[in-house]
Amino acid sequence: QKEVEQDPGPLSVPEGAIVSLNCTYSNSAFQYFMWYRQYSRKGPELLMYTYSSGNKEDGRFTAQVDKSSKYISLFIRDSQPSDSATYLCAMSANQGAQKLVFGQGTRLTINP
Amino acid sequence: EAGVAQSPRYKIIEKRQSVAFWCNPISGHATLYWYQQILGQGPKLLIQFQNNGVVDDSQLPKDRFSAERLKGVDSTLKIQPAKLEDSAVYLCASAPAGAYGYTFGSGTRLTVV
């Protein structure tokens with residue numbers, strides 16, 4: 001069993017839709033949760049960061065963590081064609097610049 | 001702020017040949033990482049440096065891969081000899097000491113034929 005599981009998609013939705021991306025994990029030591037966005041032929045860029053359980057909102061993006069279920073989500077409201085990318089969840093057991101364990105990524109396309 | 005620089009962007013080699021990748025992290029970032037991203041998968045950590053010391057190289061195939069970070073700044077990752085399964089994007093990332101999240105470079109896309 002992989003430490004982090006992420007539905008690879010691909011996921012295709014119309015512009016303006018609400019998008020839900022999810023990851024499950026098996027390592028209960030994970031406390032720091034991140035979402036990265038990766039455009040084609042680019043490196044991943046940090047989108048959202050959450051510590052422990054709870055919600056965090058940043059503009060059109062909301063990250064949720066449910067440690068009891070070992071489940072994290074990223075919601076994108078009012079999706080735009082520019083949101084088309086691969087979204088990677090990542091997790092760490094320790095604070096600071098520590099090793100991240102990534103999911104395999106979900107490829108998302110927003111259709112105009 | 002300049003980003004993480006990597007070169008070359010693309011490399012095609014035959015199996016059993018050697019190859020080297022270079023990374024220049026963001027100025028002042030103490031921590032440097034090399035990740036391997038195989039097509040359709042998430043990045044996997046190969047090696048982590050703190051300044052010029054190795055923190056974690058548990059997933060580095062040491063029989064063929066080597067990495068160094070001279071003077072705690074630039075880093076090189078070498079593969080010798082390369083195998084077909086080494087075809088991947090090699091991502092370098094850096095972070096300030098104690099920070100969460102990294103800044104990634106655009107990567108080097110390696111194709112082994």
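Among the lysines, which have Cα under 30 Å from the Cα of A:LYS70 when same-chain residues fewer than 8 positions away are ignored?
A:LYS2, A:LYS42, A:LYS56, A:LYS99, B:LYS44
Taking only C-alpha pairs under 8 Å that are 6+ residues apart, what is the relative contact order of chain B in percent?
Reported as a whole number, the value is 37 percent.
Given points 7 Å out from each Cα along the Cα-Cβ axis, report the A:GLU15 to B:TRP22 separation in nanometres with one decimal.
About 4.2 nm, to one decimal.
Give me the distance in nm between label points sitting 7 Å out from Cα along the Cα-to-Cβ direction at B:LEU70 and A:SER26, one decimal.
Between B:LEU70 and A:SER26, the label points sit 4.2 nm apart.
For region B:35-106, what % of the accessible area comes from carbon and sulfur atoms, probe 1.4 Å?
Values: 1710 of 3290 Å².
Answer for region B:35-106: carbon and sulfur cover 52 percent of the accessible area.
How much accessible area is lost when chains B and A come together, counting both sides, with a 1.4 Å probe, in Å² rounded to the nearest 100? Intermediate values should be presented prior to the final figure.
On the way: alone 6280 and 6170 Å², together 10750 Å².
Buried: approximately 1700 Å² between A and B.
For chain B, modelled as a GNM with alpha-carbon contacts under 10 angstrom, which of B:LYS44, B:LYS71, B:LYS11 fluctuates the most?
B:LYS71
Once you charge only the Cβ atoms, +1 for Lys and Arg and -1 for Asp and Glu, what is the size of the charge dipole of the protein assembly as shown about its Cα centre, to the nearest 20 debye?
Numbers: 23 positive and 19 negative charges, 115 e Å.
Its charge dipole is roughly 560 debye.
Give the long-range amide H neighbours of B:SER87: residues separated by 5 or more places, or on another chain, with amide H under 5 Å away, using H modelled in the peptide plane at 1.01 Å from N.
B:VAL112
Just the accessible area per residue of region B:31-113, please: how many Å² with a 1.4 Å probe?
Working: 3530 Å² over 83 residues.
Computed with neighbouring chains in place, this is 43 Å² per residue.
What accessible area per residue, rounded to a whole number of Å², is obtained for region A:20-84 using a probe radius of 1.4 Å? Walk me through the intermediate numbers first.
On the way: 3020 Å² over 65 residues.
Per residue, region A:20-84 has 47 Å² of solvent-accessible surface.
At a Förster radius of 35 Å, what calculated FRET efficiency corresponds to the Cβ-Cβ distance of B:ASP63 and A:GLU5, to the nearest 0.05?
Numbers: r = 30 Å, r/R0 = 0.85.
Once the sixth-power term is evaluated, E becomes 0.75.
How much length would be gained if the chain were fully extended between B:VAL54 and B:SER7, taking 0.36 nm per residue of separation minus their Cα-Cα distance, in nm to one decimal?
Values: separation 47, 0.36 × 47 = 16.92 nm, distance 2.16 nm.
In short, 14.8 nm is gained.
Quick one: of the DSSP bridges fully inside the protein assembly as shown, what percent are antiparallel, nearest 5? If you can, show how the numbers build up before the last one.
Working: 72 of 80 bridges.
So the antiparallel bridges in the protein assembly as shown amount to around 90 percent.
Heavy atoms only, probe 1.4 angstrom, no DNA, RNA or ligands counted: give me B:ILE38, B:ILE13 ranked by accessible area, highest first. Intermediate values should be presented prior to the final figure.
Details: B:ILE38 55, B:ILE13 10 Å².
Highest to lowest solvent-accessible surface, that is B:ILE38, B:ILE13.
Ignoring ligands, DNA and RNA, what percent of the 1.4 Å accessible area of chain A is carbon and sulfur?
Heavy-atom surface of chain A belonging to carbon and sulfur, 1.4 Å probe: 44 percent.
What figure, in Å² to the nearest 10, do you get for the accessible area of B:LEU110 with a 1.4 Å probe and non-protein molecules left out?
It works out to around 0 Å².
The values are calculated or read from the model by the stated rules, or taken from the named source; none is laboratory data. Here the structure is a predicted model, which means the values were calculated and not measured. Cβ: placed from backbone, ideal geometry, glycine included. Neighbour counts: every protein chain shown. What goes into the accessible areas is simple: the full protein's heavy atoms, side chains included, and nothing from ligands, DNA or RNA. Shrake-Rupley method; radii C 1.70, N 1.55, O 1.52, S 1.80 Å.
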